[in-house]
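Q: Sending over a structure as structure tokens; questions will come in a sec.
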Amino acid sequence: MDIIIGILLICSFAGMVTYCIKGHNLMIGFFIMATIWTFLPIIGNMLSPNAAFDGLTVNDMLRQVYQTAPEKYGASVMNIFLGAFFGRILLDTGIAATIIRKSVELGGDNPAIILAIVNVISGFIFTSMTGGGSVIAIAVIVLPILFSIGIPKVIAFFSFTGSVAAGIFLNPINFGQYSAFFLNSNGGAEYTYNDYFPFGMLAFAVMIVIVSVASMFYLKMESLTYSWAATKNVEVVDAPGISLITPFLPVVGVIVFKLPVILCFIIASIYGLWVCGGLKGSFRDISRTISRIFTEGVKDMSALIAFWITLAMFNDAAVYAAPYFQTIIGGIIPISPLALCIMFGILAPLTWFKGPLSLIGSGAALLAVVSQTTNYPTTFLYPLFASVLIGMAHFDITISWNAWGLGFNRINSTDYMKVALIPGTLIALVLEIANFFLNNPL
């Protein structure tokens, strides 16, 4: 019976991958998968009791998936809301746009240097900004600049999405989202952003360097003749110079001063508003401004929150599915930390289309199997999965801002995937090897 249930779970997994590839709604898809992966183990356990479910009733399993699992994301949701509020301030005050424009000026008239500088600055910006709305808002500033200096659209977009992913490696909000997957793992609840930060810094640097070098290589292959497009003299209002440190304040507060993430976002938000003149007027006016910005930020993230609720259900349902996956594929998963790292690095493209290595997709089941098979600590498992989830999966064309960018800028998705495939795999492989040497659990 365990084999039959395992085969049915694998078939449903294949169905989910097909569902994702066709671009259907992921929130609904994960709710359906959570339901399938909850009820198939329940039925299997009724027909043939499984030792993994000893002491659990059907009500216990239902409560865990449909009640407890979403509630566990409460802390992450609060962090997401405050991060979205902060991101909206960076956009509304013009701080983000000013940083981008000034970074382009540093590059002079060399497209390759401009590309590298924009990558670094964009990466730093996204250490504190998050969400599809924020990415698109910065993209409409960065991409026209890169296009106007002759950089082909597909290379410019690859470079930009790579810099976004680099920032996400250090973003405390994204860390809170992804680390929630590991609450059921050995040491998961104790694994903090400060514990992860050294690896995050390394990942940021590796991502920026490889993406920038790959972009320059592609530029040379194109043998381009650069021509700067004539632009209208539009009056641009820059944010004050002292405001340009605002995007970096949350990370500094968390790492250097060990302050709570939410407090850091509040302090940085108030600072950004204050130096940009957003706190002028009566107390009532200031209150209305802050309330409006917070509402807009939450609205930007509302779809993501709904998605995370169903993903939380799927994540815990995967724990119940894991014993049956173990029966089918348990012998395939390597036990050696080095073999795991090499396997994840080489197979990193399987994160695309929400594939089996992507936690924001089908990978939650694989995490459950790997965690139960090896019992390795989160200090090793989180970088193992994050290296491919961020380093490779953020080039996935099914990600909301990638889908928008390809369509809006009329970039062929196949060309984009060809450009991203080798650098993305190399990034993942380098980081997996680094994870082995830095976090080897044996």
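Yes/no matrix, rows are residues, columns are (1) in contact with a Cys (Cβ under 9 Å, 6 or more places away or on another chain); (2) of a type outside the set (Asp, Glu); (3) under 23 Å from residue 356 (Cβ atoms):
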position	(1), (2), (3)
392	no, yes, yes
398	yes, yes, yes
403	no, yes, yes
407	no, yes, no
414	no, yes, yes
417	no, yes, yes
421	no, yes, yes
424	no, yes, yes
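Q: Looking only at region 223-239, decide whether some residue is in a loop (DSSP other than H, G, I, E, B), at pLDDT 90 or above, more than 14 Å from residue 197 (Cα to Cα) and open to solvent by 30 Å² or more (accessible area, probe 1.4 Å).
A: Scanning region 223-239, I find no residue that is in a loop (DSSP other than H, G, I, E, B), at pLDDT 90 or above, more than 14 Å from residue 197 (Cα to Cα) and open to solvent by 30 Å² or more (accessible area, probe 1.4 Å), so the answer is no.
Q: Being open to solvent by 40 Å² or more (accessible area, probe 1.4 Å), in a helix (DSSP H, G or I) and modelled with pLDDT under 90 narrows it down to one of 19, 66, so name that one.
A: Among 19, 66, only 19 is open to solvent by 40 Å² or more (accessible area, probe 1.4 Å), in a helix (DSSP H, G or I) and modelled with pLDDT under 90.
Q: Looking only at residues in region 36-48 that are over 22 Å from residue 70 (Cα atoms) and either of a type in the set (Val, Ile, Thr) or not in a helix (DSSP H, G or I) (or both), which one is most open to solvent (accessible area, probe 1.4 Å)?
A: 43
Q: Still on this model: Please tell me if residue 125 is among the aliphatic types (A, V, I, L, M) and under 30 Å from residue 183 (Cα atoms).
A: So residue 125 fits the description; yes.
Q: Among the residues of region 369-412, which ones are within 14 Å of the chain's Cα centre (by Cα), within 20 Å of residue 175 (Cβ to Cβ) and not in a helix (DSSP H, G or I)?
A: 392, 396, 399
Q: Could you count how many residues in region 22-35 are over 22 Å from the mean Cα position of the chain (by Cα) and either open to solvent by 60 Å² or more (accessible area, probe 1.4 Å) or farther than 23 Å from residue 363 by Cβ (or both)?
A: Total meeting the criteria: 1.
Q: What pairs can you find where one residue is in region 84-104 and under 17 Å from residue 135 (Cβ atoms), the other is open to solvent by 10 Å² or more (accessible area, probe 1.4 Å) and acidic (Asp, Glu), and their Cβ atoms are less than 6 Å apart, with a gap of 6+ or different chains?
A: Pairs that qualify, where the first residue is under 17 Å from residue 135 (Cβ atoms) and the partner is open to solvent by 10 Å² or more (accessible area, probe 1.4 Å) and acidic (Asp, Glu), are 84/300; 88/296.
Q: While we're on this one: Of the residues in region 328-368, how many are open to solvent by less than 10 Å² (accessible area, probe 1.4 Å), in a helix (DSSP H, G or I) and at pLDDT 80 or above?
A: Residues meeting the conditions: 8.
Q: I'd like to check something: does region 307-314 contain any residue that is surrounded by 17 or more Cβ atoms within 10 Å (Cβ to Cβ), hydroxyl-bearing (Ser, Thr, Tyr) and more than 29 Å from residue 433 (Cα to Cα)?
A: yes
Q: Across region 113-131, what is the total count of residues that are modelled with pLDDT under 85 and open to solvent by 20 Å² or more (accessible area, probe 1.4 Å)?
A: The total comes to 0.
Q: Then there's this: If I go through region 389-424 residue by residue, how many of them are hydroxyl-bearing (Ser, Thr, Tyr) and either over 25 Å from residue 178 (Cα atoms) or open to solvent by less than 30 Å² (accessible area, probe 1.4 Å) (or both)?
A: So the answer is 3.
Q: Sticking with this one: Under 7 Å between Cβ atoms, at least 6 apart or on separate chains: pull out the pairs that start in region 23-45 with a residue that is within 15 Å of residue 323 (Cα to Cα) and free of Cβ contacts under 8 Å to residues at least 60 places away in the same chain and end on any residue that is aromatic (Phe, Trp, Tyr) and in a helix (DSSP H, G or I).
A: 45/53
Q: Just for region 91-103: of the residues that are open to solvent by 30 Å² or more (accessible area, probe 1.4 Å) and assigned to a helix (DSSP H, G or I), which one is nearest to residue 148 (Cα to Cα)?
A: That would be 101.
Q: Follow-up. Just to be sure, is residue 148 crowded, with 20+ Cβ neighbours inside 10 Å and either more than 23 Å from residue 96 (Cα to Cα) or touching a residue at least 12 places away in the same chain (Cβ under 8 Å) (or both)?
A: Considered against the rule, which asks whether it is crowded, with 20+ Cβ neighbours inside 10 Å and either more than 23 Å from residue 96 (Cα to Cα) or touching a residue at least 12 places away in the same chain (Cβ under 8 Å) (or both), residue 148 comes out as no.
Q: Can you tell me which residues in region 178-201 are open to solvent by 10 Å² or more (accessible area, probe 1.4 Å) and within 20 Å of residue 84 (Cβ to Cβ)?
A: Scanning region 178-201 gives 178, 179, 193.
Q: Please specify each residue of region 279-301 satisfying the condition of being among the small types (Gly, Ala, Ser) and either in contact (Cβ under 8 Å) with a residue 12 or more places away in the chain or surrounded by fewer than 12 Cβ atoms within 10 Å (Cβ to Cβ) (or both).
A: 282, 287, 291, 297
The values are calculated or read from the model by the stated rules, or taken from the named source; none is laboratory data. For clarity, every value in this text was computed on a predicted model and none was experimentally measured. Neighbour counts run over all protein chains shown; Cβ positions are idealised from the backbone, glycine included. SASA here: full protein model, heavy atoms, side chains in, ligands and nucleic acids out. Shrake-Rupley method; radii C 1.70, N 1.55, O 1.52, S 1.80 Å.
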